[in-house]
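Participant: The structure's right below; bear with me while I get my questions together.
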Amino acid sequence: MASRSDLSARIAALQDRDQPRGRAGVLRSIAAIASAVVVLGTISPLRAISATQSTGSPAGAPAFEVASIKSNVSGALRVSIQVSPGGRFTAINAPLGALIRHAYGLQQFELAGGPKWLDSDRFDIVAKAEGEPAPAQMRLMLRTLLADRFKLQLRSEIRELPTYALVIKRNDRKPGPGLRPTVSDCAGAASLQDVLGITPTSGPRDPDAPCGFFGPGPGGSAKFRGVPIEVLARFLAPAVHRPVFDRTGLTGYFDADLEMTAEFGPPPPPPGVPDRFDRSSLPSIFTAIQEQLGLKLDAQRGPVTVFVIDRLEHPTEK
């Protein structure tokens, strides 16, 4: 299970055509999307700014001790963003869009604007922080680096965008056989606090924990144990490329084993390039959640907070 330190990078990896195809590739994709749920649940200071206020690098903001930034012109597809012990942050072949989303815990649809080279120009960053800061603190340091070296400024605004409401499909309001109320008492469980992004994790989550686990399960499934439906809704957002809001009205904690779907695999290749991934053998995520969980993704439109890039420059390399 991936740690929080490389969540956004794993989402970016879903677009990497070098990623292994087949069942193993889908399992890695499920792990990536599951990890991204924690980012969506993290309370970010950015979300408190007004629609006209821009972010910058405030005095006294957490910062790396040293940081090296260089352009990467290798032409490689694979992207890596990770935090290592000893306060080390490393990004290899990373586009600025991925770095910004990682720093602020944003999905693709939550970031707008920016120069044409936002997702085409790539950078290598090696940075060192003092001590052993938590992953959330490292993200704050990355924000400072983006503001100081790339002159990044963001502002938030509300836009009317396509969304999905996660609702109960059956008229009798009963969930499907694959969605089961958790037997354990998960209220206040430490593992659940971690899932909701309230406290930083000190390592991989325990797949056998009765509360607060979501990630790859046996036989090519996405496994949920002792989580509210809100977590499931967040889990689905990266796969369907829209915000997903829980409108089921279901309360409490649930277990589920959702069979893997085509949306969890790598995206289709460009026209004329053979697709090495067998999508025909997997159901759509829309079909899977209806048949297995008794839920439905209802297409809607609604207000979504989007963060707009007002300023972004190429850095001076050093």
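Participant: Residues in the range 157-171 that are of a type outside the set (K, R) and either farther than 16 Å from L293 by Cβ or outside any strand (DSSP E or B) (or both): how many? If you could, list the steps in order and put the result at the bottom.
Facilitator: Here is the first cut: in the range 157-171, the ones of a type outside the set (K, R) are 157-158, 160-168, 171.
From the residues that got through so far, the ones that are either farther than 16 Å from L293 by Cβ or outside any strand (DSSP E or B) (or both) too are 157-158, 160-163, 171.
Count: 7.
Participant: Within the range 217-241, can you find the residues that are farther than 18 Å from P181 by Cβ and either surrounded by fewer than 20 Cβ atoms within 10 Å (Cβ to Cβ) or modelled with pLDDT of 90 or more (or both)?
Facilitator: The answer is P218, G219, G220, S221, V240, H241.
Participant: On to the next question. Can you confirm whether P303 is modelled with pLDDT under 90 and either more than 17 Å from the chain's Cα centre (by Cα) or not in a helix (DSSP H, G or I) (or both)? Before you say what the answer is, go through the steps one by one.
Facilitator: On the way: modelled with pLDDT under 90: no; either more than 17 Å from the chain's Cα centre (by Cα) or not in a helix (DSSP H, G or I) (or both): yes.
Taking the combined requirement at face value, the residue does not satisfy it.
Participant: Among the residues of the range 97-107, is there at least one that is in contact (Cβ under 8 Å) with a residue 40 or more places away in the chain, surrounded by fewer than 22 Cβ atoms within 10 Å (Cβ to Cβ) and at negative phi? Spell out how you get there, then give the answer.
Facilitator: Within the range 97-107, the subset in contact (Cβ under 8 Å) with a residue 40 or more places away in the chain is 98-107.
Within this subset, residues satisfying the condition of being surrounded by fewer than 22 Cβ atoms within 10 Å (Cβ to Cβ) are 107.
From the residues that got through so far, the ones that are at negative phi too are 107.
Yes, the range 97-107 has at least one match.
Participant: Going residue by residue through the range 125-139, is there one that turns out to be more than 30 Å from I92 (Cα to Cα) and part of a strand (DSSP E or B)? Explain how you work it out, then say what you get.
Facilitator: Applying the first criterion (more than 30 Å from I92 (Cα to Cα)) to the range 125-139 yields none.
Scanning the range 125-139 turns up no residue that is more than 30 Å from I92 (Cα to Cα) and part of a strand (DSSP E or B).
Conditions tested, residue by residue: (1) modelled with pLDDT of 90 or more; (2) under 30 Å from L152 (Cβ atoms); (3) assigned to a loop (DSSP other than H, G, I, E, B); (4) touching a helix residue (DSSP H, G or I) at 6+ places or on another chain (Cβ under 7 Å).
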| position | (1), (2), (3), (4) |
| --- | --- |
| P266 | no, yes, yes, yes |
| D275 | no, no, yes, no |
| V308 | yes, yes, no, no |
| T316 | no, yes, yes, no |
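Participant: Let me spell it out: the conditions are (1) modelled with pLDDT under 95; (2) among the small types (G, A, S); (3) farther than 30 Å from P162 by Cα, and G105 meets all of them except one. Which number is the exception?
Facilitator: (3)
Participant: State the number of residues belonging to the range 178-216 that are part of a loop (DSSP other than H, G, I, E, B), among the hydroxyl-bearing types (S, T, Y) and modelled with pLDDT under 85.
Facilitator: Going through the range 178-216, the residues part of a loop (DSSP other than H, G, I, E, B) turn out to be 178, 182-189, 196-212.
Retained after the next criterion (residues that are among the hydroxyl-bearing types (S, T, Y)): 182, 184, 199, 201-202.
From what's left, modelled with pLDDT under 85: 184, 199, 201-202.
Number satisfying all stated conditions: 4.
Participant: Follow-up. Among the residues of the range 141-191, count how many are loosely packed, with under 15 Cβ neighbours inside 10 Å, under 30 Å from R311 (Cβ atoms) and among the hydrophobic types (A, V, I, L, M, F, W, C).
Facilitator: The number of residues fulfilling the criteria is 1.
Participant: Quick check on the range 108-138: of everything there that is charged (D, E, K, R) and surrounded by fewer than 18 Cβ atoms within 10 Å (Cβ to Cβ), which residue is farthest from the chain's Cα centre (by Cα)?
Facilitator: If we filter the range 108-138 for residues that are charged (D, E, K, R), which is where we start, we get 110, 116, 119, 121-122, 124, 128, 130, 132.
Among the residues that remain, those that are also surrounded by fewer than 18 Cβ atoms within 10 Å (Cβ to Cβ) are: 116, 119, 121, 124, 128, 130, 132.
Values: K116: 23, D119: 17, D121: 21, D124: 21, K128: 24, E130: 26, E132: 23 Å.
Checking each candidate, the answer is E130.
The values are calculated or read from the model by the stated rules, or taken from the named source; none is laboratory data. As the structure is a prediction and not an experimental result, all values here were calculated from the model. Note: ideal-geometry Cβ built from the backbone for every residue, glycine included; neighbour counts use all protein chains shown.
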